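Written out below as structure tokens is the structure these notes cover.
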Amino acid sequence: MRCIQKFDQRQRFGIRHYVVMREMNRRSGRRGFSLIELLIVVAIILILAAIAAPKLNQNRMHAQETAAIQQVKTIHTTQTQYYSQFGRYATNLTELGPPASGQAGPSAADLIPDDLAKGKKSGYTFTVQGGPNGYQITAVPDVFGNTGRRTFFSDQTLVIRENWAAEPATVTSKEIK
């Protein structure tokens, strides 16, 4: 019976019309994407991600380096405050940080946040060495080439110096302008 109906449809509409309708029905019944189409889309996404990932890492390192420079400036400011309050420079970051308990004093002046007082912030490790006539600040990336590409040095002169190698910057390193 079905064959007769198909034959009748072909005669009524013509064979050409029947072929076009059959092709349209086959296409409209197709759902979703083929495997090849999906693989092409995934490949394009992976290529774009491969292009964007190095730039993202460079931008993140630059942001962490900028944050490290700002932290060095913060330490300068707090060393000035510490000197005006206690008549000497802080010998380490702990003396600039918050007290474990009780009031702020020379051993913990509560001038910088706790994470900076512990020596690690924004992918950098900070150290302060103070003495009666001045102090030195060094900032070194936690993982050179990943959290930062530069090391920094500064002292009571407020000049920040940089080194583009893994060795810590020193008083003779190039000045940041």
Which one of these is surrounded by 15 or more Cβ atoms within 10 Å (Cβ to Cβ), out of contact with any Asp or Glu (no Cβ under 7 Å at 6 or more places or on another chain) and either of a type in the set (Gly, Ala, Ser) or more than 18 Å from Gln70 (Cβ to Cβ) (or both): Ser122, Ser101?
Ser122
Residue under question is Gly130, and the condition is that it be farther than 13 Å from Gln71 by Cα, touching a Lys or Arg at 6+ places or on another chain (Cβ under 9 Å) and crowded, with 18+ Cβ neighbours inside 10 Å; does it hold?
yes
Given the conditions (1) assigned to a helix (DSSP H, G or I); (2) free of Cβ contacts under 8 Å to residues at least 12 places away in the same chain, every one holds for Gln103 apart from (1)
Are any residues in segment 66-120 farther than 21 Å from Leu158 by Cβ and polar (S, T, N, Q), and if so, which ones?
Thr94, Ser101, Gln103, Ser107
So which of Ile112, Ile137 is closer than 27 Å to Ser173 by Cβ, in a loop (DSSP other than H, G, I, E, B) and in contact with a helix residue (DSSP H, G or I) (Cβ under 7 Å, 6 or more places away or on another chain)?
Ile112
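Bear in mind these aren't lab numbers, they're just calculated from the coordinates by the rules spelled out. Predicted model only: the values in this text are computed from it and were never measured. Heads up, the Cβs are rebuilt from the backbone with ideal geometry, glycines too, and the neighbour counts pull from every protein chain shown.
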